There are 2 protein chains.
Amino acid sequence: MIMNNMRPLILLSNDDGVRAKGLNELIDMLSPLGDILVMAPDSARSGAACSITSVIPLYYDIVEKRPGVRICACSGTPSDCVKLALEKEAVRRPDVVVSGINHGDNASVSVHYSGTMGAAFEGCMKGIPSVGFSLCDSAADADFSFAAPFVRAIVKRVLKTGLPAGVCLNVNIPKVKEDGCKGVRVCRMARGTWSSEWTEAGHPRGKEYFWLTGDFTNMEPECEDTDMWALAHGFVSVTPVAIDMTAYPAMSGLKDLELL
Amino acid sequence: MIMNNMRPLILLSNDDGVRAKGLNELIDMLSPLGDILVMAPDSARSGAACSITSVIPLYYDIVEKRPGVRICACSGTPSDCVKLALEKEAVRRPDVVVSGINHGDNASVSVHYSGTMGAAFEGCMKGIPSVGFSLCDSAADADFSFAAPFVRAIVKRVLKTGLPAGVCLNVNIPKVKEDGCKGVRVCRMARGTWSSEWTEAGHPRGKEYFWLTGDFTNMEPECEDTDMWALAHGFVSVTPVAIDMTAYPAMSGLKDLELL
């Protein structure tokens, strides 16, 4: 919640890298709402999840500065970016951390692999209201324009009222034609799974290599309360996700382990 | 659950790399329980979380083969390792995925950064009972010996009864002297946070670099139901963690977003 008269400070990151279209559109969408600090990976870090870099030291450069917008490119992962921005570059504590807009969805179990959500989790673990945005279109030149009113409204709402402690938002935006979006649904993660994940490829000198690809199966396509259902039916999905991953209902069934 | 007379197939991985002591001790601890297939990163991938590799192709080599044990070294992350093993190297579906033993704890929010747990999450997302083990000692020559009876008993239990769908175990083992371990506690993740995460370091040619380090603060040190409390008091902590990260209690408070 904004408690003073300063313009909000909005920290942005992503996993597609500082030059990605989705990040640059996000800057334009949100700069009317506050001062923007971007700390984004210097190149793509797709699938970075919450990974952090501990075996090599990191650096960042300020690559652009204009009134109300400062853009930094960092050699680390999305989580590293948020950590570095908070401790080394932000002039004050950001009011919100926003990550994205990712080129490609991060619904269902893909949240676990998502560097976009890695940045949002990091902001949330630091006690800052945090949101990750992803568009269901992985093209480098994807059309993000119709997403603008949703993105702006959700960030405005989060700036105004905050989020519960330990909870951040995973927002996925369907690929629809302009005016084709049916609205917003608050959803749970669909149960789903990836399979047939490897495509074999030969090295020129003969060794067998494997490209990670895969087919996603939604294991509950008929469930209208899931993110996958919302996206398949033209809605923006808003899924609150929790830092506390404890499977509370499973605890009592494990009590026999205490007798070891 | 083992439904036939074959020896169980146990898939092992880790994030400290195929040569780490913790993994090799784990092989010795578990080979009495079944056939062992190891697919581990060819070098350390600490902090890899659930990250996956999509921009370069991956490979692996069988680096050791002895009766009942096959060890592969892979160029990818712990999650990649589990995915590759399941699809390309396992002769049948593993009965359990075991990751570790990590050199260093993965309690509280560190579960989000943990490559050890990344491998366990991947097994769980593929519907296989999965467990990650970590020892609260990050030394390369840490003493894992007193952990053996706990590790074996927990894996035996999981082989016998399975785990609830979408739930895996995050097991942390305290650093205690032999016979100093007080037993096992089934726990929730403690609320905690990392701060002071960067140590500045100069590049020989003058640029400023930053090493990721940090201090962990347990935000509820008095709570006896947490993993951090168990470890601080000499217990092995067993925390069931869920693939479904939806923050269900937060959903109703976000319903106003559906009016956008």
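Out of B:Ser75, B:Ser130, report the one residue that is over 25 Å from B:Gly180 (Cα atoms), open to solvent by less than 10 Å² (accessible area, probe 1.4 Å) and of a type in the set (S, T, N, Q).
From the options B:Ser75, B:Ser130, the qualifying one is B:Ser130.
Please go through the range B:192-225 and give me each residue that is closer than 20 Å to A:Gly127 by Cα, within 11 Å of chain A (Cβ to nearest Cβ) and surrounded by 12 or more Cβ atoms within 10 Å (Cβ to Cβ), ordered by number.
Selection gives B:Gly192, B:Thr193, B:Trp194, B:Ser195, B:Glu197, B:Trp198, B:Leu212, B:Gly214, B:Met219.
Counting residues that are closer than 22 Å to A:Arg188 by Cβ, which strands (runs of 3 or more DSSP E) fully inside the range A:202-246 reach at least 3?
Qualifying strands (runs of 3 or more DSSP E): A:215-218, A:235-242.
Among what's in the range A:151-176 and is outside any helix (DSSP H, G or I) and aliphatic (A, V, I, L, M), pick the residue that is modelled with the lowest pLDDT.
Checking each candidate, the answer is A:Val176.
For the subset of the range B:55-70 comprising residues that are in contact (Cβ under 8 Å) with a residue 40 or more places away in the chain and hydrophobic (A, V, I, L, M, F, W, C), which member is farthest from the other protein chains (Cβ to nearest Cβ)?
Restricting to residues being in contact (Cβ under 8 Å) with a residue 40 or more places away in the chain and hydrophobic (A, V, I, L, M, F, W, C), the top hit is B:Val69.
State which residue is surrounded by the most Cβ atoms within 10 Å (Cβ to Cβ) when the search covers only the range B:42-54 and only residues that are more than 7 Å from chain A (Cβ to nearest Cβ) and free of Cβ contacts under 8 Å to residues at least 60 places away in the same chain.
Among those residues, the one meeting the criterion is B:Asp42.
Can you pull out the residues in the range A:189-246 that are touching a residue at least 12 places away in the same chain (Cβ under 8 Å), more than 25 Å from A:Pro129 (Cβ to Cβ) and either touching a His at 6+ places or on another chain (Cβ under 7 Å) or among the charged types (D, E, K, R) (or both)?
If the condition is that a residue be touching a residue at least 12 places away in the same chain (Cβ under 8 Å), more than 25 Å from A:Pro129 (Cβ to Cβ) and either touching a His at 6+ places or on another chain (Cβ under 7 Å) or among the charged types (D, E, K, R) (or both), then A:Arg191, A:Glu197, A:Asp215, A:Glu220 are the ones that fit.
Give the residues of the range A:124-146 that are outside any helix (DSSP H, G or I), in contact (Cβ under 8 Å) with a residue 40 or more places away in the chain and closer than 30 Å to A:Arg93 by Cβ, sorted by residue number.
A:Lys126, A:Ile128, A:Val131, A:Phe133, A:Leu135, A:Phe144
Please determine whether any residue of the range A:180-191 is closer than 20 Å to A:Asp105 by Cβ, basic (Lys, Arg) and surrounded by fewer than 16 Cβ atoms within 10 Å (Cβ to Cβ).
yes
The values are calculated or read from the model by the stated rules, or taken from the named source; none is laboratory data. Since the structure is predicted, the reported quantities are computational estimates derived from the model, not experimental observations. Don't worry about glycine lacking a Cβ; one is built from the backbone with ideal geometry, like all the others, and counts go over all protein chains shown. Calculation scope for accessible area: heavy atoms of the full protein, side chains included, ligands and nucleic acids excluded. Shrake-Rupley method; radii C 1.70, N 1.55, O 1.52, S 1.80 Å.
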